[in-house]
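For reference, the structure is listed below as structure tokens.
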Amino acid sequence: MKLNYKQTILIGLAFLSISAFWQMYDNIIPLILKNSFDLGETITGVIMAADNVLALFLLPFFGSLSDKTETKIGKRMPFILTGTGLSVIFLLLLPAADRARNLPLFIVVLFLVLLAMGLYRSPSVALMPDLTPKPLRSKGNAVINLMGAVGGVYSLIMIRALVGSGATPNYFPLFSSIALLMVVSVVVLFCTIKEKKISNEIDDANEMSSDTEENPAKSAAGSALPPDVRRSLIFILLSIALWYIAYNAVTTAFSRYATHVWGMEHGGYANCLMVATVAAIVSYIPIGALSSRIGRKRTILIGVTLLALCYLCASFYNSYHVSMNLFFGIIGFAWAAINVNSFPMVVEIASAGDVGKYTGYYYTFSMAAQVVTPILSGYLLEHVSYRTLFPYSAFFSVLAFLTMLMVKHGDSKPEKKGSMLENFDVDD
């Protein structure tokens with residue numbers, strides 16, 4: 001049985017469009033809130049945390065709702081088509097509200113955009129396992145993650161090319177380029193992927209083949225973890241929250257920091273973020289090899305250490321220098337090292353209980369951290385100094401290192417991958 005790469009790439013178009021949107025959202029919306037509406041850093045942080053608060057409720061709700069949906073075009077496709085259509089409409093209203101300097105309209109439209117994106121994010125992610133045989137889902141997930149990375153890079157390129165100069169740049173060309181990508185991606189997806197037909201074929205294939213994945217939790221679902229294992233679970237979840245607090249603070253505030261502290265204009269800050277993204281992509285394979293040699297925990301500790309050191313070094317720069325690209329390249333490598341290994345450790349710890357429940361713990365702690373950190377870091381940016389950003393992230397990276405040291409379970413060395421592509425299989 002072989003993975004249908006062409007089909008999987010087409011399925012990944014939905015995730016590509018979603019990733020492109022969020023890359024643009026994290027970089028541009030804070031600038032609009034600050035420069036167009038003169039909002040303080042704290043309130044900006046609150047608004048930027050809204051998508052994560054909504055995600056805690058919307059993603060499981062619409063994911064579950066799509067599970068129960070049956071239409072002629074499938075379970076997920078109605079949500080993907082409707083969500084994309086609404087998102088594009090509201091997305092194109094945002095630059096109009098910005099140009100009109102109408103804050104109430106901007107906030108209302110922003111809220112509607114977030115609702116529309118929440119409507120189809122989970123169904124889009126669920127489409128790949130629906131349409132991929134069980135033994136091939138790791139390879140399929142690798143392809144999906146690579147498609148998401150392509151979408152992120154596309155947004156960074158568009159930011160660099162289309163964000164104009166001046167005190168009041170016109171963001172309509174940028175928003176239009178993202179909207180166009182979303183529409184084209186989903187139209188191609190709908191025209192080429194017949195969800196219901198393929199889903200029926202996959203269901204038949206899964207019924208005929210035995211499930212080869214080991215799941216020790218299956219026979220002991222719901223059983224209590226031993227105290228030492230529970231302790232490790234608590235510390236790995238705390239670590240996940242802490243490094244997300246560190247990393248998300250930078251990704252959310254970097255565009256403002258680079259503009260205010262380093263004097264970067266015309267979307268030039270996107271170069272640093274693009275270096276980090278590309279570095280993460282090319283790092284997956286060597287990280288997979290490293291993890292198989294030294295184990296997950298050590299690889300994570302290396303990643304967290306590199307994050308802390310790079311953030312600390314960045315805090316000493318008074319203006320942008322080309323050497324910053326090296327630090328962002330290392331940050332990309334470090335973040336990939338963490339994410340390649342952290343989710344498998346949680347699942348490994350959950351082997352005596354319910355794997356699905358513990359997967360929920362992973363996303364609860366990561367999303368909750370992304371709710372807290374824009375507000376907390378935004379308060380420091382506004383009331384102390386912009387220069388607090390990188391020390392803030394370095395501090396929480398150090399805390400994540402200390403809590404990770406306390407983890408004693410879930411560190412079984414990953415098996416050697418069957419193919420190089422499987423090293424790209426990352427749950428983020």
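Values quoted throughout were computed directly from the atomic coordinates according to the rules given, and no laboratory measurement underlies them. None of the values given here were measured: they were computed from a predicted structure. No Cβ is skipped: glycine too gets one built from the backbone with ideal geometry, and neighbour counts run over all protein chains shown.
Okay, here's what the table says:
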quantity: Estimated FRET transfer efficiency when R0 is 30 angstrom, pair residue 71-residue 9 (beta carbons, to 0.05); calculated: 0.80
quantity: As computed over segment 1-125, the Cα convex hull volume per residue (Å³); calculated: 122
quantity: Solution diffusion estimate, µm²/s, Stokes-Einstein, segment 1-210, Kirkwood Rh from C-alpha pairs, 4 °C, viscosity 1.567 mPa s; calculated: 72
quantity: Order of 243, 335, 262 under a 10 Å beta carbon neighbour criterion, fewest first; calculated: 262, 335, 243
quantity: Sorted by Cβ neighbour density within 10 Å, fewest at the top, the residues 37, 390, 90, 61; calculated: 61, 37, 90, 390
quantity: Ranked 194, 297, 6, criterion: other C-beta atoms within 10 Å, fewest first; calculated: 6, 194, 297
quantity: Filtered trypsin sites (Lys or Arg not before Pro), segment 42-149: DSSP coil and at most 13 other beta carbons within 10 Å; calculated: 68, 72, 101
quantity: Span from the segment 62-100 Cα centroid across to the segment 303-317 one, whole angstrom; calculated: 38
quantity: Stretch gain in nm, segment residue 387-residue 187, where the contour uses 0.36 nm per residue and the Cα spacing is subtracted; calculated: 67.6 nm
